[in-house]
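Everything on this sheet refers to the single structure shown next.
The values are calculated or read from the model by the stated rules, or taken from the named source; none is laboratory data. This structure is a prediction, so every number in the text was calculated from the model and none was measured. All Cβ positions, even for glycine, are placed from backbone atoms using ideal geometry, and neighbour counts span all protein chains on display. For accessibility, only protein heavy atoms count, side chains too; no ligands or nucleic acids. Shrake-Rupley method; radii C 1.70, N 1.55, O 1.52, S 1.80 Å.
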Amino acid sequence: MNIGVRREIEPGERRVAATPESVLQLVAVGLSVTVQRGAGAAAGYPDSEYATAGARLVDSLDLGRCDVLAHVRPLDAGTVARLSAGTITVGLVAPAANLEVVAALRDAGITSFALELVPRLSRAQSMDALTSQALVAGYRCVLEAAMRLPRFFPLYMTAAGTIPPARVLVLGAGVAGLQAIATAKRLGARVSAYDVRAASADEVASMGATFISLDMDTADGAGGYATELAEDRAARQRELLRPHIEASDVVITTAAIPGRPAPRLVGSDMLRGMRAGSVVIDLAAESGGNVEGSVPGHDIPILLDGDRGMITLVGMKDVPSAMPHDASRLYAKNVSNLLALMTVDGEVVPDFTDEVVGGACLTHDGIVTHQPTLEAISPSEEARETGIQR
Ligand code: NAD
């Protein structure tokens, strides 16, 4: 069976869905791989390395002849229209935000796998692209803060005086937040963190950071995720966070609720209480923002009262794509591991009774198999009996 990999078409996207390393893995399980020339160039993977790994290189990928299309960004309707019925697609889909494309995948008879839906089980960790890309994002946002902060991160004791370490506060201690903590610690900052999930206190402590306990109940939801706070609790959370934010040189926010807009953790009035030169990084800027006023892809200067100077509010955008080499290396392995799991004798034959395969499936055989997406597309439609394991 033939796996197609093309250059990503989203402007600014520099990642690629297969690397020479992942091609080797796909070829080893009996699949053939066709890569569009230049697909890996922006991520630092030249065509020659794909060829050495066993891929066939083409100037333009004939989408209608791919048995499987591996992709990074959600497909657009134009691409879906060029696929043949029965084609398998594997990549990010962001189903809640792309219902029209999901409907197109369904109507075209595509068997689509959305990497966002891979169940968060130990067995599926090697296929979990949310985790691999959040790792990149958490690391990167600390570097972005360090580059903008007009101070050192580490403690320096020099003949000319002692410089105290920067104080970094991480709000939201999931995969990205924990990676931000680890990176800030490595740079020598004094790090504290907060999250609404009960388990996060131990997770934060295990990274060597100080957990901030607020006088509030925790908010644990299904599957290890947090639940959304009602507005009165969210307002109380902001008030309790205020002194911690004002005492920080760097605030990094990573809080998210699956399928919901990002929770608002920081109001603009809270920013004005920070010290001049402080930096606030909003990793959730693209999904509504944890910080009031953040704009994806922009640095916003916030003027402080009187002559106190300003702080910088940074709205992050396309973060994993900013480190395309290693982001692609991890992402491509997530894709190839899922494909290898589904491959028998050189054929990709999904076993939908496998909870990882069934869980990641979004559309198959003309139906939307993921119940929340089905409900969002056609609220009155009942789930049909598919035999797909979830
Ligand atoms: P996420 O991206 O949905 O959210 C990021 C963090 O924001 C979470 O820790 C969440 O608790 C936090 N948050 C939400 N609302 C908040 C608020 N109002 N205030 C403060 N924090 C808030 O989550 P994620 O990082 O993808 O993963 C979260 C959980 O999933 C963790 O428990 C993690 O250990 C678990 N996980 C398990 C696996 C696995 O077993 N394979 C893989 C990845 C993650």
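Magnitude of the Cβ-charge dipole of the stretch 38-161, K/R +1 and D/E -1, about the Cα centre, nearest 20 debye?
Details: 10 positive and 11 negative charges, 89 e Å.
Rounded to the nearest 20 debye, it is 420 debye.
Suppose only helical runs count, i.e. DSSP H with n ≥ 4. What mean residue ellipticity at 222 nm does that imply for the chain under -39500 (n - 2.57) per run, divided by all residues and rounded to the nearest 500 deg cm²/dmol?
Taking each H run of at least 4 residues, the total per residue is -9000 deg cm²/dmol.
Relative contact order, percent, of the stretch 233-390 when contacts are C-alpha pairs under 8 Å separated by at least 6 residues?
Working: 232 pairs, mean separation 22.6, N = 158.
Value for the stretch 233-390: 14 percent.
Please list the non-local residues whose amide H lies under 5 Å from the amide H of residue 310, H modeled 1.01 Å from N, same-chain partners needing a gap of 5 or more.
277, 304
Let me have the relative contact order for the stretch 1-160, percent, based on Cα pairs under 8 Å that are six or more residues apart.
Working: 245 pairs, mean separation 27.2, N = 160.
The normalised contact order for the stretch 1-160 reaches 17 percent.
Order 271-281, 327-337 from most to least packed using the mean count of other Cβ atoms within 10 Å. Please list the in-between numbers first.
Working: 271-281: 20.7, 327-337: 24.9.
Per-residue mean Cβ counts within 10 Å order the peptides as 327-337, 271-281.
Over the stretch 232-390, with the other protein chains present, what is the accessible area per residue in square angstrom, probe 1.4 angstrom?
Working: 6920 Å² over 159 residues.
Ligands and nucleic acids excluded, the figure is 44 Å² per residue.
Rounded, prolate or oblate: which one fits the stretch 259-350, using the alpha carbon gyration tensor with axes a ≥ b ≥ c (rounded when a/c is under 1.5, else prolate when a/b beats b/c, else oblate)?
Numbers: a/c = 5.36, a/b = 3.01, b/c = 1.78.
It comes out prolate by the Cα gyration axes.
So what are the stretch 319-375's ellipsoid semi-axes, whole angstrom, largest first, if each one is the square root of 5 times an eigenvalue of the alpha-carbon gyration tensor? Can you show the working numbers first?
On the way: eigenvalues 124, 66, 14 Å².
For the stretch 319-375, the ellipsoid semi-axes come out as 25, 18, 8 Å.
What value in Å³ per residue do you get for the convex hull of the alpha-carbon atoms in the stretch 1-145? Walk me through the numbers on the way to the answer.
Numbers: hull volume 18.7 nm³, N = 145.
Each residue corresponds to 129 Å³ of Cα convex hull volume.
Using a probe radius of 1.4 Å on heavy atoms only, what accessible surface per residue do you get for the stretch 43-92? Whole Å² is fine. Could you put the intermediate results ahead of the total?
Details: 2090 Å² over 50 residues.
Heavy-atom accessible area per residue stands at 42 Å².
Sorted by average packing, counted as other Cβ atoms within 10 angstrom per residue and highest first, what order do 61-68, 170-177, 104-111, 225-232 take?
Values: 61-68: 16.4, 170-177: 27.5, 104-111: 20.6, 225-232: 14.0.
The peptides rank, most packed first, as 170-177, 104-111, 61-68, 225-232.
Roughly how many whole Å is it from the C-alpha centroid of the stretch 342-380 to that of the stretch 147-210?
The stretch 342-380 and the stretch 147-210 have Cα centres spaced 40 Å from each other.
How long is the stretch 75-175 along each principal axis, judged by its Cα atoms, biggest number first, in Å?
Ordered largest first, the stretch 75-175 gives principal extents of 71, 31, 19 Å.
Can you list which of the DSSP-assigned H helices in the chain have a Cα extent of 18 Å or more along the long axis and an average Kyte-Doolittle score of at least -0.5? Intermediate values should be presented prior to the final figure.
Working: long enough: 129-148 (29 Å, 0.70); 231-246 (22 Å, -1.54); 324-341 (25 Å, -0.10).
Qualifying helices: 129-148, 324-341.
Under a no-solvent Debye model with one identical scatterer per Cα of the chain, what's log10 I(q)/I(0) at q = 0.07, 0.09, 0.13 Å⁻¹?
Here log10 of I(q) over I(0) equals -0.36, -0.58, -1.08.
Ignoring ligands, DNA and RNA, what percent of the accessible area of the chain is carbon or sulfur (1.4 Å)?
Details: 8960 of 16990 Å².
Carbon plus sulfur share of accessible area: 53 percent.
Please report the antiparallel percentage of the DSSP beta bridges confined to the chain, to the nearest 5. Write down the numbers at each step before the final one.
Values: 15 of 52 bridges.
Just about 30 percent of them are antiparallel.
How many Å³ per residue does the convex hull of the Cα positions in the stretch 6-81 occupy?
Numbers: hull volume 6.5 nm³, N = 76.
Convex hull of Cα atoms, per residue: 85 Å³.
Sorted by accessible area with a 1.4 angstrom probe, largest first, how do 354, 305 fall? Show your work: numbers first, answer last.
Working: 354 30, 305 105 Å².
So the residues, ranked largest to smallest area, are 305, 354.
If you stretched the chain out fully between residue 52 and residue 162, how much longer would it get, using 0.36 nm times the residue separation minus the C-alpha to C-alpha distance? Each step should come with its number before you reach the end.
On the way: separation 110, 0.36 × 110 = 39.60 nm, distance 5.37 nm.
Length gained, residue 52 through residue 162: 34.2 nm.
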